[in-house]
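The structure under discussion appears below in the form of structure tokens.
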Amino acid sequence: MRPKSIQFITYPNVSLLDLAGPLDVFTAANRFSRQNHQPYTISILALDPTTEICSNFSINTETLQAETSSPHTLIVPGGPGIYDFCKDPKFVTHFINHVDKAERLISVCTGIFALACAGKLDGRKATTHWSAYDELERNFPSIIIKRGPIFINDDHIWTSAGVTSGIDLALSIVEKDLGHTVALEVARYLVMFLKRPGDQNQFSSSLTLQSKSSQFSDLHAWISENLSTDLTVPVLANFMNMSERTFIRKYSESMQKTPSKMVELLRLDAARDMLTSSNKPLKTIAQYCGLGSESTLIRRFVKNFGITPKEHRARFNSTE
């Protein structure tokens, strides 16, 4: 099998981890591959020969030119400099033409804006860092934005959330190219668990609720400490010193979900954490989290997360 050329595009003010994380994965894959030659040729390209990553820190790169060899895989990391990169005159004359030559396109975090500006994501499913969802949707309404997954694969295009999720995406690529054994060795070398699937959410319901409203933050904290108790609307309204009607109205307006739905999400979050961090039986977890029976836990878990509790535990549990 011929080596696959992996080219990274960089620019001033790129996120170093978005670049270095996937770069380390492919470099390690060359080391652990059992082929008689390295499966990847790796290069770093930029519009200019020297790229200032941050103040007083620059890297030497290969300059992207019209005659630059075509990549098998082109990776665009994110970073605050991505917007200026997309406005550079060479973005149109050099980058877009080069993108057209790639067999596989990957963006990490806000690197997705480069692929979007190049017109490569129209009508495709894609994701990015949660902080960029609204901006991406506003500027590129033709993209089918998936809010939550750490990475998405649509045909030959892969997009990821950001920071460490770029490593998860790269591990998934290595597994696809070279098999599970090599990807596992790379993950172990990087002291990571293989591997978070792309459909794992970027953040928990608890963090989402916390970020939306400070008015109910004490309520959410109290609920999280009392999951196995009665958490019906009258109890929650009493905690907030509101009438039931006023509480339901104000909560729903502020959080865009009913109090009952919020309680269920917090209980499921807690169950998910216990599945990951312990070997407790499903029945015990269901009772601790206020979900009643094992069958109720399974049914609601599958409805919300798309996999069974046992499947989730098999993927993420680190206690064995």
Unique match (being in contact (Cβ under 8 Å) with a residue 60 or more places away in the chain and over 28 Å from PRO149 (Cβ atoms)) among SER228, SER243:
SER228
Among the residues of the range 62-118, count how many are surrounded by fewer than 19 Cβ atoms within 10 Å (Cβ to Cβ) and in contact with a Pro (Cβ under 6 Å, 6 or more places away or on another chain).
1
Across the range 47-90, what is the total count of residues that are outside any loop (DSSP other than H, G, I, E, B) and without any contact (Cβ under 8 Å) to a residue 60 or more places away in the chain?
16
Selection within the range 29-41 - of a type outside the set (S, T, N, Q) and either more than 21 Å from THR159 (Cα to Cα) or exposed (fewer than 15 other Cβ atoms within 10 Å of the Cβ) (or both)
ARG31, PHE32, ARG34, HIS37, PRO39
Looking at ALA170, ALA161, which is the one that is touching a helix residue (DSSP H, G or I) at 6+ places or on another chain (Cβ under 7 Å), under 14 Å from THR110 (Cβ atoms) and buried (at least 20 other Cβ atoms within 10 Å of the Cβ)?
ALA161
Does THR229 satisfy being at pLDDT 90 or above, outside any helix (DSSP H, G or I) and out of contact with any helix residue (DSSP H, G or I) (no Cβ under 7 Å at 6 or more places or on another chain)?
yes
Could you check how many residues of the range 235-279 are part of a helix (DSSP H, G or I), exposed (fewer than 12 other Cβ atoms within 10 Å of the Cβ) and of a type outside the set (Asp, Glu)?
1
Cβ-Cβ under 7 Å pairs, at least 6 apart or on other chains, the range 1-15 side more than 17 Å from PHE95 (Cα to Cα), far side of a type in the set (Asp, Glu) and surrounded by 19 or more Cβ atoms within 10 Å (Cβ to Cβ)
LYS4/ASP177
Qualifying residue in the range 126-145 (condition: assigned by TED's automatic domain parsing to the domain that holds ILE42 and at pLDDT below 85)
no
Out of all the residues in the range 17-27, which are touching a residue at least 40 places away in the same chain (Cβ under 8 Å) and either out of contact with any Phe, Trp or Tyr (no Cβ under 8 Å at 6 or more places or on another chain) or surrounded by fewer than 21 Cβ atoms within 10 Å (Cβ to Cβ) (or both)?
LEU17, ASP18, GLY21, ASP24, VAL25
Where a residue in the range 292-308 is farther than 23 Å from ASP230 by Cα and its partner, wherever it lies, is exposed (fewer than 15 other Cβ atoms within 10 Å of the Cβ), with Cβ under 6 Å and at least six apart
THR308/VAL302
How about the range 4-16: which of its residues are in contact with a helix residue (DSSP H, G or I) (Cβ under 9 Å, 6 or more places away or on another chain) and either of a type in the set (A, V, I, L, M) or assigned to a loop (DSSP other than H, G, I, E, B) (or both)?
ILE6, ILE9, THR10, TYR11, PRO12, ASN13, VAL14, SER15
What do you reckon, is ILE44 farther than 20 Å from HIS156 by Cα and either of a type in the set (Val, Ile, Thr) or out of contact with any Gly (no Cβ under 7 Å at 6 or more places or on another chain) (or both)?
yes
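The values are calculated or read from the model by the stated rules, or taken from the named source; none is laboratory data. Because the structure is predicted, anything quoted here is derived from the model rather than measured. FYI the Cβ positions are ideal-geometry reconstructions off the backbone, even for glycines, and counts take in every protein chain you see.
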